[in-house]
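Notes to accompany the following structure.
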Amino acid sequence: MNGADLLVSALENEGVKQIFGVPGEENLDIVEALRRSTIKLVLTRHEQAAAFMAATHGRLTGEAGVCLSTLGPGALNLTTGAAYAQLGAMPMVVITGQKGILSRKQARFQVVDVVSTMTPLTKMAHQIISPMTIPSIVREAFRVAQQERPGPVHLELPEDIAAEQAPEISPVPSHPIVLPVAHPAALDRAAGLIVEAERPLIMLGAAASRPRLAPALSDFVRRLQIPFFNTQMGKGAVAGGSGLYMGTAALSERDYVHDAIDRADLIISVGHDTVEKPPFLMGPGGPRVLHVGYLPATVEEVYFPHAELIGDVGPSVALLADRLEGRLPRAGTLLPLREQILARLGERAEESRYPLTPQRIVHDVRQVMPEEGIVCLDNGMYKIWFARNYRTRVANTLLLDNALATMGAGLPSAMMAAMLYPTRRVLAVCGDGGFMMNSQELETATRLGLNLVVLILEDNAYGMIRWKQAADGFPDFGMTFGNPDFVAYAKAFGVRGSRVESADGLVPTLEAAFGGGGVHLVTVPIDYSENMRVLVDELRTHGSKNRGRS
Ligand SMILES: Cc1ncc(C[n+]2csc(CCOP(=O)(O)OP(=O)(O)O)c2C)c(N)n1
Ligand SMILES: [Mg+2]
């Protein structure tokens, strides 16, 4: 038995089923131990994709995903993925190799200080210096990665420690952990604030999307009958059909959902994580905010709650509802605004302009996705449109990154979702910029035999930045590029590709793509003139009218 064997048996003990990565020669002992294990080694074509996949595994299951790379260059390619998991609160364990630490036969060849690089990007970064410590370090790594607030942990296993002979040491067994529930005094205080409120509103933030929390939150909202809105990463956390959904705050102010937010006198902010672009801006005056979370709030210029309810969110909100059910005659004061807000979002959703408008694309995607289907977004202008306009009825069915907001994660995150849920429809939605940042993973997706459709929105530009440039009054400059013929590009990977040629062509093309199974790429031209018309001109007028009124 050597260090690598101890590592792999500790990973098996954690229930790890697969490791994503690109090995180097420093990992060969680990690769050999994996060959003899129950764990599958899933090769990707870039380490970044391996990290995005592992992080998404953690996000969707609550169990840390694992990625692997060599030292120096490979490890550095994992850094964006580490930051993605750190900001996005996704449990992940990152394993990297290193040259031997007991002797230096290759001097400083390929050596960078990976542990120092990973330290600010992870919850814990650690170099393993003895095989004897591996079982306990691995157990600790998974505990730290998975406990609130979840995130990435980095372990560096140098090649000589991996190869070092060691006695067989049993892995450290894990046990279930029951989290503390909010204190009765905090529950009383929170209940008091809610009873006093005249226009209460619930906000569901990123932590509301933790796996398995949706039933408790749906119950909480149903019992209180207080209308709610989501942040971008809190979408779906309350099951659909409640009739209390007021919208998603994809922008920080002036959007239609802010009609309700601006009028609220109390916001019950469940699981808000300030890594997200602010869903609303606190300032002098404004509503009171009650923060409900696994952990205390992070105080910011734009977020400074007046009271906090800290503890395991599910049981804590159930206790809160026990104190409040039937005692809130003003729960629905803001509800009459709902219809108007949702009607504005539905505008132009069926317009037959070609190239297609973002509203039409969101609308058509919703038509072909079943309630349980999962849409995974890359980062670009369309993220705002999907966040505002795409209605989710099931938690974690619109996976987007409003934390690091990196380009390039759309396809790998969709690949992970397709691996975890082979019977659900999974759609990656990418801009022509973001898709090309990790398009090499089409090979991985085909090799893995995934059922997956990739939708590319073509504007031949870094559209989001081009829009910002225009909105800020700069001349149009430096944001356009050419694209490959995406259908031919898909074909080169052995992937079927289709181009949408008319406004009515998107739904049938997506249906056919899903119907065919396997990996399918669909490309559709998008008309982004709506960005300026709606998100700048219309909302500016709306914002000023609204302020005048209230
Ligand atoms: C890795 C990375 N680089 C740069 C950015 C800044 N950025 C945000 S959106 C965007 C443009 C995205 O272009 P595309 O993928 O084509 O989507 P579009 O906005 O055109 O729909 C850029 C450059 C980023 N978020 N992540
Ligand atoms: Mg683009």
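The values are calculated or read from the model by the stated rules, or taken from the named source; none is laboratory data. Given the structure is predicted, the values throughout are model-derived calculations rather than measurements. Cβ: placed from backbone, ideal geometry, glycine included. Neighbour counts: every protein chain shown. Heads up: the accessible areas ignore ligands, DNA and RNA and are worked out on the full protein's heavy atoms, side chains in. Shrake-Rupley method; radii C 1.70, N 1.55, O 1.52, S 1.80 Å.
Take each peptide in 34-40, 181-187, 520-526, 247-253, count the other Cβ atoms within 10 Å of every residue, and average; sorted highest first, the result is 520-526, 247-253, 181-187, 34-40.
Would you tally the net charge around Lys235, using a Cβ to Cβ cut-off of less than 12 Å, leaving Lys235 out, and scoring K and R as +1, D and E as -1? Mind showing how you got there, number by number?
On the way: positive: Lys383, Arg388, Arg391, Arg393; negative: Glu276.
So the environment of Lys235 carries a net charge of +3.
Taking a ≥ b ≥ c as the square roots of the eigenvalues of the Cα gyration tensor, the range 367-433 is oblate, since a/c reaches 1.5 or more and a/b is not larger than b/c.
Taking amide hydrogens as placed 1.01 Å from N in the peptide plane, the amide H of Thr298 sits under 5 Å from those of Thr274, each at least 5 positions away in sequence or on another chain. The angle between the Cα long axis of helix 313-324 and the main principal axis of the chain comes to about 30°, on a 0 to 90 degree scale. To put it simply, the accessible area of the chain at a 1.4 Å probe is 54 percent carbon and sulfur. Phi angles across the range 3-12 convert, under the Karplus curve 6.51 cos²θ - 1.76 cosθ + 1.60 with θ = phi - 60°, into 3J(HN,Hα) values of x, 5, 4, 4, 4, 5, 5, 5, 5, 4 Hz, Gly and Pro given as x.
For a quick check of your reading of the filter: which trypsin sites (Lys or Arg not before Pro) in the range 66-139 sit in a DSSP loop and have no more than 16 other Cβ atoms within 10 Å? Don't jump to the answer; show the numbers that get you there.
Numbers: sites: Lys99, Arg104, Lys105, Arg108, Lys123, Arg139; in loops: Lys99, Arg104, Lys105, Arg108, Lys123.
When the trypsin sites (Lys or Arg not before Pro) of the range 66-139 are filtered for loop state and at most 16 Cβ neighbours within 10 Å, Arg104, Lys105, Arg108 remain.
Coupling constants for the range 217-227 follow from the phi torsions by the Karplus curve (6.51 cos²θ - 1.76 cosθ + 1.60, θ = phi - 60°), and in residue order they are 6, 4, 5, 4, 5, 4, 6, 8, 6, 8, x Hz; glycine and proline get x.
Between 0 and 90 degrees, the angle of helix 47-61 with respect to the longest Cα principal axis of the chain falls at about 60 degrees. For q = 0.07, 0.10, 0.13 Å⁻¹, what log10 I(q)/I(0) does the chain give under the Debye formula with an equal point scatterer on each alpha carbon and no solvent? Each listed q maps to, in turn, -0.42, -0.85, -1.30.
Applying the Kirkwood pairwise sum to the alpha-carbon positions of the range 314-431 produces a hydrodynamic radius of 16.6 angstrom. 3J(HN,Hα) along the range 193-204, derived from phi through the Karplus expression 6.51 cos²θ - 1.76 cosθ + 1.60 where θ = phi - 60°, amounts to 4, 6, 4, 6, 5, 9, 9, x, 8, 9, 10, 9 Hz, with x in place of Gly and Pro. If you take the alpha carbon atoms of the range 1-148 and fit the smallest convex hull around them, that volume is 99 Å³ per residue. Computed over neighbours whose Cβ is under 10 Å from that of Thr38, the net charge equals +2, Lys and Arg +1, Asp and Glu -1. With contacts taken as Cα pairs under 8 Å and at least 6 residues apart, the range 464-550 reaches a relative contact order of 24 percent.
Could you give the dipole magnitude of the range 184-271 about its Cα centre, charging the beta-carbon of Lys and Arg +1 and that of Asp and Glu -1, in debye to the nearest 20?
It comes to approximately 400 debye.
In the chain, Cα pairs under 8 Å separated by at least six residues give a relative contact order of 12 percent. With Cα atoms as the point set, the radius of gyration and Dmax of the range 71-133 evaluate to 12.7, 39 Å. Close amide H pairs (under 5 Å, H built 1.01 Å from N) link Val289 with Ile267, His306, Ala307, residues at least 5 positions away or on another chain. Ranking Ile194, Gly326, Val172 by how far each Cα lies toward the positive end of the dipole of the chain (charges on Cβ) leaves Gly326 at the top.
Two decimals, Cα atoms only, Kirkwood Rh: what is Rg/Rh over the range 1-59? It would help to have the intermediate numbers written out before the result.
On the way: Rg = 11.4 Å, Rh = 11.8 Å.
Ratio of gyration radius to Kirkwood radius: 0.96.
What is the gain in length, in nm to one decimal, between Val487 and Arg36 on full extension, counting 0.36 nm per residue of separation less the C-alpha to C-alpha distance?
Details: separation 451, 0.36 × 451 = 162.36 nm, distance 4.00 nm.
Result for the pair: 158.4 nm of gain on full extension.
Over the range 259-387, with the other protein chains present, what is the accessible area per residue in square angstrom, probe 1.4 angstrom? It would help to have the intermediate numbers written out before the result.
Working: 5120 Å² over 129 residues.
Per residue, the range 259-387 has an accessible area of 40 Å².
Near the amide H of Gly100, within less than 5 Å, lie the amide hydrogens of Glu159, Asp160, all on another chain or at least 5 residues away, with H placed in the peptide plane.
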